[in-house]
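The values are calculated or read from the model by the stated rules, or taken from the named source; none is laboratory data. Computed from a predicted structure; not experimentally measured. Don't worry about glycine lacking a Cβ; one is built from the backbone with ideal geometry, like all the others, and counts go over all protein chains shown.
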Amino acid sequence: MQTAEYDRIVQNYMDIVYRVALSYTRHQEDAEDVTQTVFLKLLTKNVTFQDEEHIKKWLIRVAVNESKNLWMSFWQRNVGGFSEEKEEPVFENGEKSDLYYAVMELPPKYRVVMHLFYYEGYSTKEIAKLIHINETAVRKRLARGRKHLKERLKEAWDYEE
Amino acid sequence: MKNEKYYKEAFDEVHASYDLRRKVMDMKDNNKGIMGKRRMGFAVAFMAVFAVLMAASNGICYAATGETWVKKITVIINGKPKEVDMEYSKKGDLLIGEAELENTDDEVVSLAVASDGELPDDIEITYDGQKRGSGKKSAEVYNDEELGRVYLSKDEESGMIYLSVCPKEQSKGNEYLVQTLQIDITDDFEDGTAEGTFKYQGKQYKYTVNGTVEKPEINITVCE
(Lines give C-alpha, C1' and ligand atoms only; values in the text may rest on other atoms or scores of the structure.)
Protein backbone atom coordinates (compact mmCIF):
# COMPACT_ATOMS: atom_id res chain seq x y z
CA MET A 1 0.00 0.00 0.00
CA GLN A 2 1.22 3.49 -0.86
CA THR A 3 2.36 5.55 2.12
CA ALA A 4 0.06 8.48 1.34
CA GLU A 5 -2.96 6.21 1.04
CA TYR A 6 -2.07 4.43 4.28
CA ASP A 7 -1.75 7.78 6.08
CA ARG A 8 -5.08 8.91 4.72
CA ILE A 9 -6.85 5.73 5.84
CA VAL A 10 -5.29 5.91 9.31
CA GLN A 11 -6.34 9.55 9.64
CA ASN A 12 -9.89 8.88 8.50
CA TYR A 13 -10.60 5.54 10.11
CA MET A 14 -8.43 5.20 13.20
CA ASP A 15 -11.15 6.35 15.59
CA ILE A 16 -13.74 4.14 13.93
CA VAL A 17 -11.54 1.05 14.35
CA TYR A 18 -10.60 1.99 17.89
CA ARG A 19 -14.22 2.53 18.94
CA VAL A 20 -15.31 -0.80 17.48
CA ALA A 21 -12.42 -2.53 19.25
CA LEU A 22 -13.21 -0.74 22.51
CA SER A 23 -16.87 -1.62 22.24
CA TYR A 24 -15.88 -5.28 22.03
CA THR A 25 -12.93 -5.46 24.41
CA ARG A 26 -14.00 -2.72 26.84
CA HIS A 27 -10.44 -1.93 27.83
CA GLN A 28 -8.26 0.72 26.29
CA GLU A 29 -5.09 -1.34 26.04
CA ASP A 30 -6.85 -4.27 24.45
CA ALA A 31 -8.54 -1.92 22.01
CA GLU A 32 -5.16 -0.41 21.18
CA ASP A 33 -3.69 -3.86 20.51
CA VAL A 34 -6.57 -4.69 18.23
CA THR A 35 -6.29 -1.35 16.42
CA GLN A 36 -2.59 -1.88 15.77
CA THR A 37 -3.23 -5.37 14.45
CA VAL A 38 -5.96 -4.12 12.13
CA PHE A 39 -3.72 -1.47 10.60
CA LEU A 40 -0.81 -3.88 10.41
CA LYS A 41 -3.00 -6.17 8.34
CA LEU A 42 -3.97 -3.23 6.16
CA LEU A 43 -0.33 -2.43 5.67
CA THR A 44 0.91 -5.91 4.92
CA LYS A 45 -1.94 -7.26 2.85
CA ASN A 46 -2.66 -6.32 -0.70
CA VAL A 47 -6.32 -5.56 -0.42
CA THR A 48 -7.92 -3.77 -3.36
CA PHE A 49 -10.69 -1.53 -2.16
CA GLN A 50 -13.56 -0.53 -4.39
CA ASP A 51 -14.59 2.59 -2.50
CA GLU A 52 -14.56 4.29 0.89
CA GLU A 53 -17.39 2.18 2.24
CA HIS A 54 -15.47 -0.95 1.31
CA ILE A 55 -12.45 0.32 3.29
CA LYS A 56 -14.59 1.09 6.31
CA LYS A 57 -16.38 -2.25 6.27
CA TRP A 58 -13.13 -4.16 5.81
CA LEU A 59 -11.56 -2.38 8.77
CA ILE A 60 -14.60 -2.96 10.99
CA ARG A 61 -14.77 -6.60 10.02
CA VAL A 62 -11.09 -7.18 10.80
CA ALA A 63 -11.46 -5.23 14.08
CA VAL A 64 -14.33 -7.48 15.17
CA ASN A 65 -12.39 -10.62 14.21
CA GLU A 66 -9.27 -9.49 16.00
CA SER A 67 -11.26 -8.54 19.10
CA LYS A 68 -12.74 -12.03 19.16
CA ASN A 69 -9.31 -13.55 18.70
CA LEU A 70 -7.97 -11.52 21.59
CA TRP A 71 -10.76 -12.70 23.83
CA MET A 72 -10.20 -16.28 22.84
CA SER A 73 -6.47 -16.14 23.33
CA PHE A 74 -7.11 -14.98 26.87
CA TRP A 75 -9.58 -17.75 27.37
CA GLN A 76 -6.90 -20.22 26.36
CA ARG A 77 -4.53 -18.82 28.92
CA ASN A 78 -7.18 -19.27 31.57
CA VAL A 79 -7.05 -15.62 32.38
CA GLY A 80 -10.77 -15.52 32.08
CA GLY A 81 -11.26 -12.34 30.15
CA PHE A 82 -9.74 -9.20 28.81
CA SER A 83 -7.12 -7.09 30.44
CA GLU A 84 -7.85 -6.06 33.97
CA GLU A 85 -5.97 -2.82 33.49
CA LYS A 86 -8.50 -0.08 33.16
CA GLU A 87 -8.15 3.39 31.78
CA GLU A 88 -11.50 4.89 31.04
CA PRO A 89 -12.38 7.79 28.77
CA VAL A 90 -13.14 11.10 30.40
CA PHE A 91 -16.53 12.63 29.60
CA GLU A 92 -17.56 16.23 29.69
CA ASN A 93 -20.86 15.45 31.39
CA GLY A 94 -22.43 12.77 33.52
CA GLU A 95 -25.16 11.85 31.08
CA LYS A 96 -22.67 10.81 28.39
CA SER A 97 -20.64 8.96 30.95
CA ASP A 98 -23.78 7.13 32.16
CA LEU A 99 -24.54 5.95 28.65
CA TYR A 100 -20.98 4.81 28.04
CA TYR A 101 -20.86 2.73 31.22
CA ALA A 102 -24.34 1.36 30.68
CA VAL A 103 -23.26 0.15 27.22
CA MET A 104 -20.08 -1.32 28.65
CA GLU A 105 -22.11 -3.40 31.11
CA LEU A 106 -23.53 -5.35 28.19
CA PRO A 107 -21.82 -8.54 26.96
CA PRO A 108 -19.37 -7.93 24.06
CA LYS A 109 -21.61 -9.36 21.35
CA TYR A 110 -24.38 -6.92 22.30
CA ARG A 111 -22.03 -3.97 22.55
CA VAL A 112 -20.69 -4.42 19.04
CA VAL A 113 -24.15 -4.65 17.54
CA MET A 114 -25.32 -1.59 19.49
CA HIS A 115 -22.25 0.36 18.39
CA LEU A 116 -22.57 -0.51 14.72
CA PHE A 117 -26.26 0.37 14.79
CA TYR A 118 -26.30 3.56 16.87
CA TYR A 119 -22.90 4.98 16.12
CA GLU A 120 -22.01 3.79 12.65
CA GLY A 121 -25.62 3.88 11.46
CA TYR A 122 -25.64 0.44 9.85
CA SER A 123 -28.91 -1.36 9.27
CA THR A 124 -29.55 -4.72 10.92
CA LYS A 125 -29.03 -6.37 7.55
CA GLU A 126 -25.66 -4.69 7.08
CA ILE A 127 -24.57 -5.62 10.61
CA ALA A 128 -25.56 -9.24 10.02
CA LYS A 129 -23.35 -9.31 6.95
CA LEU A 130 -20.51 -7.50 8.66
CA ILE A 131 -20.21 -9.74 11.69
CA HIS A 132 -21.51 -12.92 10.12
CA ILE A 133 -24.58 -13.62 12.15
CA ASN A 134 -28.14 -13.84 11.05
CA GLU A 135 -30.32 -10.74 10.96
CA THR A 136 -32.77 -12.12 13.50
CA ALA A 137 -29.90 -12.49 15.96
CA VAL A 138 -28.88 -8.87 15.31
CA ARG A 139 -32.43 -7.68 16.06
CA LYS A 140 -32.57 -9.72 19.24
CA ARG A 141 -29.25 -8.39 20.44
CA LEU A 142 -30.39 -4.85 19.71
CA ALA A 143 -33.65 -5.42 21.57
CA ARG A 144 -31.80 -6.73 24.63
CA GLY A 145 -29.28 -3.92 24.48
CA ARG A 146 -32.04 -1.33 24.31
CA LYS A 147 -33.89 -2.96 27.17
CA HIS A 148 -30.78 -2.84 29.31
CA LEU A 149 -30.14 0.82 28.45
CA LYS A 150 -33.75 1.71 29.19
CA GLU A 151 -33.52 0.03 32.59
CA ARG A 152 -30.24 1.72 33.42
CA LEU A 153 -30.80 5.16 31.92
CA LYS A 154 -34.55 5.49 32.56
CA GLU A 155 -36.01 8.55 30.81
CA ALA A 156 -32.69 9.54 29.25
CA TRP A 157 -33.08 6.62 26.84
CA ASP A 158 -36.25 6.46 24.74
CA TYR A 159 -38.22 3.26 24.66
CA GLU A 160 -37.84 1.44 21.34
CA GLU A 161 -39.34 -1.81 20.11
CA MET B 1 -33.50 9.77 16.73
CA LYS B 2 -32.87 10.93 20.26
CA ASN B 3 -31.20 7.65 21.17
CA GLU B 4 -28.88 7.79 18.14
CA LYS B 5 -27.92 11.37 18.99
CA TYR B 6 -27.32 10.52 22.63
CA TYR B 7 -25.22 7.49 21.73
CA LYS B 8 -23.20 9.40 19.14
CA GLU B 9 -22.51 12.29 21.44
CA ALA B 10 -21.20 9.97 24.14
CA PHE B 11 -18.95 7.95 21.85
CA ASP B 12 -17.77 11.04 19.97
CA GLU B 13 -15.71 11.69 23.07
CA VAL B 14 -13.85 8.41 22.68
CA HIS B 15 -10.71 8.79 20.60
CA ALA B 16 -7.60 6.81 19.85
CA SER B 17 -4.75 8.28 21.86
CA TYR B 18 -1.95 10.31 20.34
CA ASP B 19 0.49 7.52 21.24
CA LEU B 20 -1.55 4.91 19.42
CA ARG B 21 -1.88 7.18 16.38
CA ARG B 22 1.86 7.65 16.32
CA LYS B 23 2.56 3.91 16.70
CA VAL B 24 0.19 3.05 13.88
CA MET B 25 1.69 5.73 11.65
CA ASP B 26 5.18 4.48 12.46
CA MET B 27 4.27 0.95 11.43
CA LYS B 28 4.55 1.90 7.79
CA ASP B 29 8.23 2.63 8.31
CA ASN B 30 8.89 -0.40 10.47
CA ASN B 31 6.69 -2.57 8.32
CA LYS B 32 5.44 -5.76 9.79
CA GLY B 33 6.00 -7.38 13.11
CA ILE B 34 7.71 -4.54 14.90
CA MET B 35 4.82 -3.17 16.78
CA GLY B 36 5.18 -2.16 20.37
CA LYS B 37 2.39 -4.40 21.41
CA ARG B 38 1.94 -5.88 24.81
CA ARG B 39 0.89 -9.25 23.45
CA MET B 40 -0.75 -10.97 20.51
CA GLY B 41 2.63 -11.61 18.94
CA PHE B 42 1.27 -14.96 17.98
CA ALA B 43 -2.39 -14.69 17.31
CA VAL B 44 -3.75 -17.94 18.52
CA ALA B 45 -7.44 -18.13 18.92
CA PHE B 46 -8.79 -20.96 20.91
CA MET B 47 -12.38 -21.67 20.24
CA ALA B 48 -13.79 -22.59 23.58
CA VAL B 49 -15.91 -25.59 24.24
CA PHE B 50 -19.15 -23.79 23.71
CA ALA B 51 -21.40 -26.75 23.75
CA VAL B 52 -21.68 -30.45 23.87
CA LEU B 53 -23.12 -31.54 20.61
CA MET B 54 -24.70 -34.73 19.50
CA ALA B 55 -25.55 -35.39 15.94
CA ALA B 56 -27.36 -38.20 14.22
CA SER B 57 -28.39 -38.60 10.64
CA ASN B 58 -31.77 -39.94 9.66
CA GLY B 59 -30.30 -40.98 6.37
CA ILE B 60 -32.53 -38.78 4.23
CA CYS B 61 -30.49 -37.29 1.47
CA TYR B 62 -31.97 -35.10 -1.17
CA ALA B 63 -31.46 -32.23 -3.56
CA ALA B 64 -28.29 -33.49 -5.05
CA THR B 65 -27.18 -30.73 -7.39
CA GLY B 66 -23.84 -31.24 -9.01
CA GLU B 67 -21.25 -31.27 -6.28
CA THR B 68 -23.64 -30.26 -3.52
CA TRP B 69 -25.88 -32.48 -1.38
CA VAL B 70 -28.33 -31.64 1.32
CA LYS B 71 -28.90 -34.07 4.15
CA LYS B 72 -31.30 -33.66 7.02
CA ILE B 73 -29.67 -34.25 10.37
CA THR B 74 -30.71 -33.86 13.97
CA VAL B 75 -28.37 -31.90 16.15
CA ILE B 76 -28.83 -31.92 19.88
CA ILE B 77 -27.42 -28.93 21.69
CA ASN B 78 -27.64 -28.94 25.45
CA GLY B 79 -30.35 -31.56 25.32
CA LYS B 80 -32.50 -29.80 22.74
CA PRO B 81 -32.85 -31.57 19.39
CA LYS B 82 -32.90 -29.41 16.27
CA GLU B 83 -33.41 -30.61 12.75
CA VAL B 84 -31.21 -28.90 10.21
CA ASP B 85 -30.42 -29.19 6.54
CA MET B 86 -26.74 -29.89 6.25
CA GLU B 87 -25.31 -28.87 2.90
CA TYR B 88 -22.39 -30.97 1.78
CA SER B 89 -19.90 -30.11 -0.89
CA LYS B 90 -16.82 -31.88 -2.09
CA LYS B 91 -13.51 -30.12 -1.63
CA GLY B 92 -10.68 -32.27 -2.82
CA ASP B 93 -10.95 -35.59 -1.03
CA LEU B 94 -12.87 -33.97 1.72
CA LEU B 95 -16.58 -33.73 2.21
CA ILE B 96 -17.55 -30.51 3.95
CA GLY B 97 -20.97 -30.10 5.49
CA GLU B 98 -22.29 -26.72 6.58
CA ALA B 99 -25.49 -25.69 8.32
CA GLU B 100 -26.89 -22.97 10.50
CA LEU B 101 -29.47 -23.10 13.21
CA GLU B 102 -30.74 -20.88 15.95
CA ASN B 103 -29.60 -22.18 19.28
CA THR B 104 -30.83 -19.89 21.97
CA ASP B 105 -33.10 -17.01 21.16
CA ASP B 106 -30.20 -14.75 20.32
CA GLU B 107 -27.56 -17.14 19.10
CA VAL B 108 -27.12 -18.67 15.70
CA VAL B 109 -24.96 -21.74 15.59
CA SER B 110 -22.93 -22.52 12.51
CA LEU B 111 -21.94 -26.10 12.09
CA ALA B 112 -19.14 -27.45 10.00
CA VAL B 113 -18.71 -31.12 9.36
CA ALA B 114 -15.71 -32.74 7.78
CA SER B 115 -15.59 -36.23 6.36
CA ASP B 116 -13.07 -37.89 4.13
CA GLY B 117 -15.46 -40.44 2.70
CA GLU B 118 -19.16 -40.99 2.21
CA LEU B 119 -21.94 -38.92 3.73
CA PRO B 120 -21.50 -40.06 7.31
CA ASP B 121 -24.01 -41.14 9.91
CA ASP B 122 -21.64 -40.37 12.74
CA ILE B 123 -20.31 -36.93 12.14
CA GLU B 124 -17.79 -34.63 13.65
CA ILE B 125 -19.14 -31.19 14.38
CA THR B 126 -17.26 -27.99 14.94
CA TYR B 127 -19.22 -25.41 16.81
CA ASP B 128 -17.34 -22.21 17.40
CA GLY B 129 -20.09 -19.65 17.13
CA GLN B 130 -18.74 -18.25 13.88
CA LYS B 131 -20.29 -18.59 10.48
CA ARG B 132 -18.52 -20.94 8.15
CA GLY B 133 -19.95 -19.64 4.96
CA SER B 134 -19.07 -19.26 1.36
CA GLY B 135 -16.14 -17.06 2.29
CA LYS B 136 -14.18 -19.99 3.60
CA LYS B 137 -12.10 -22.24 1.45
CA SER B 138 -11.29 -25.46 3.15
CA ALA B 139 -8.25 -27.28 2.08
CA GLU B 140 -6.74 -30.69 2.35
CA VAL B 141 -6.85 -32.17 5.77
CA TYR B 142 -3.82 -33.36 7.62
CA ASN B 143 -4.81 -36.28 9.80
CA ASP B 144 -2.91 -37.09 12.90
CA GLU B 145 -3.81 -39.99 15.15
CA GLU B 146 -3.32 -38.01 18.32
CA LEU B 147 -4.01 -34.46 17.22
CA GLY B 148 -6.95 -34.94 14.91
CA ARG B 149 -7.69 -33.04 11.73
CA VAL B 150 -5.71 -30.05 10.61
CA TYR B 151 -6.77 -27.86 7.73
CA LEU B 152 -6.27 -24.45 6.20
CA SER B 153 -9.00 -21.93 5.61
CA LYS B 154 -9.29 -18.46 4.22
CA ASP B 155 -11.81 -15.79 5.09
CA GLU B 156 -12.39 -14.21 1.69
CA GLU B 157 -13.65 -10.93 3.03
CA SER B 158 -10.88 -10.15 5.48
CA GLY B 159 -8.26 -12.19 3.62
CA MET B 160 -7.15 -13.90 6.81
CA ILE B 161 -5.74 -17.39 6.64
CA TYR B 162 -6.09 -19.80 9.52
CA LEU B 163 -4.52 -23.10 10.34
CA SER B 164 -7.22 -24.95 12.24
CA VAL B 165 -6.90 -27.96 14.43
CA CYS B 166 -9.99 -30.02 15.04
CA PRO B 167 -9.57 -32.95 17.39
CA LYS B 168 -10.90 -36.37 16.77
CA GLU B 169 -14.27 -37.03 18.29
CA GLN B 170 -14.00 -37.18 22.01
CA SER B 171 -17.04 -39.31 22.35
CA LYS B 172 -18.93 -40.03 25.47
CA GLY B 173 -21.86 -42.09 24.30
CA ASN B 174 -23.23 -40.10 21.43
CA GLU B 175 -21.92 -36.80 22.65
CA TYR B 176 -19.10 -34.98 20.99
CA LEU B 177 -17.00 -32.52 22.84
CA VAL B 178 -15.53 -30.29 20.22
CA GLN B 179 -12.69 -27.81 20.42
CA THR B 180 -11.05 -26.00 17.57
CA LEU B 181 -7.73 -24.24 17.68
CA GLN B 182 -7.22 -21.51 15.10
CA ILE B 183 -3.85 -20.02 14.33
CA ASP B 184 -3.71 -16.86 12.27
CA ILE B 185 -0.93 -17.47 9.73
CA THR B 186 -1.96 -14.74 7.29
CA ASP B 187 1.23 -12.74 7.42
CA ASP B 188 3.59 -15.66 7.73
CA PHE B 189 1.98 -17.49 4.82
CA GLU B 190 2.34 -14.55 2.43
CA ASP B 191 5.33 -16.14 0.73
CA GLY B 192 3.70 -19.56 0.62
CA THR B 193 5.45 -20.90 3.70
CA ALA B 194 4.51 -20.66 7.34
CA GLU B 195 5.95 -22.30 10.38
CA GLY B 196 5.63 -22.05 14.10
CA THR B 197 4.58 -23.86 17.21
CA PHE B 198 1.40 -24.18 19.17
CA LYS B 199 0.30 -25.83 22.36
CA TYR B 200 -2.70 -28.05 22.23
CA GLN B 201 -4.17 -30.27 24.90
CA GLY B 202 -1.01 -30.09 26.96
CA LYS B 203 1.45 -30.84 24.15
CA GLN B 204 3.68 -28.57 22.14
CA TYR B 205 3.57 -29.02 18.36
CA LYS B 206 5.61 -27.62 15.51
CA TYR B 207 3.87 -26.93 12.22
CA THR B 208 5.01 -26.14 8.71
CA VAL B 209 2.67 -25.18 5.90
CA ASN B 210 3.68 -24.89 2.25
CA GLY B 211 1.81 -24.39 -0.99
CA THR B 212 -1.51 -22.63 -1.35
CA VAL B 213 -4.68 -22.37 0.69
CA GLU B 214 -6.40 -24.70 -1.76
CA LYS B 215 -3.56 -27.21 -1.89
CA PRO B 216 -1.37 -26.94 1.15
CA GLU B 217 1.21 -29.33 2.48
CA ILE B 218 0.87 -29.42 6.23
CA ASN B 219 3.32 -31.10 8.54
CA ILE B 220 2.92 -31.37 12.27
CA THR B 221 5.45 -32.80 14.67
CA VAL B 222 5.42 -33.09 18.43
CA CYS B 223 8.14 -31.02 20.09
CA GLU B 224 10.30 -33.04 22.42
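Data table
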{"quantity": "Tabulated pairs, the stretch A:24-38, first at the interface with chain B (Cβ under 7 Å from one of its Cβ atoms) and in contact (Cβ under 8 Å) with a residue 12 or more places away in the chain, second of a type in the set (Gly, Ala, Ser) and outside any helix (DSSP H, G or I), C-beta under 6 angstrom, 6+ apart or interchain", "calculated": "A:GLU29/A:SER83"}
{"quantity": "Tabulated pairs, the stretch B:1-20, first free of Cβ contacts under 8 Å to residues at least 40 places away in the same chain and within 7 Å of chain A (Cβ to nearest Cβ), second in a loop (DSSP other than H, G, I, E, B) and among the small types (Gly, Ala, Ser), C-beta under 8 angstrom, 6+ apart or interchain", "calculated": "B:GLU4/A:GLY121"}
{"quantity": "Residue ID - farthest from the chain's Cα centre (by Cα), chosen from residues in the stretch A:14-31 that are modelled with pLDDT of 90 or more and surrounded by fewer than 24 Cβ atoms within 10 Å (Cβ to Cβ)", "calculated": "A:MET14"}
{"quantity": "Some residue of the stretch A:39-47 being under 22 Å from B:GLU9 (Cβ atoms) and surrounded by 18 or more Cβ atoms within 10 Å (Cβ to Cβ)", "calculated": "no"}
{"quantity": "Candidate set: the stretch A:68-102, residues that are of a type in the set (Gly, Ala, Ser) and at pLDDT 85 or above; chosen: the one farthest from A:LEU130 (Cα to Cα)", "calculated": "A:SER97"}
{"quantity": "Those residues of the stretch A:6-15 which are out of contact with any Leu (no Cβ under 7 Å at 6 or more places or on another chain) and within 10 Å of chain B (Cβ to nearest Cβ), in sequence order", "calculated": "A:ASP7, A:VAL10, A:GLN11, A:MET14, A:ASP15"}
{"quantity": "Residues of the stretch A:107-161 classified as among the acidic types (Asp, Glu), over 25 Å from A:LYS96 (Cβ atoms) and either within 17 Å of the chain's Cα centre (by Cα) or crowded, with 16+ Cβ neighbours inside 10 Å (or both), total", "calculated": "1"}
{"quantity": "3 or more residues within 27 Å of A:TYR13 (Cβ to Cβ) and facing chain B (nearest Cβ under 7 Å): qualifying helices (runs of 4 or more DSSP H) within the stretch A:89-161", "calculated": "A:94-104"}
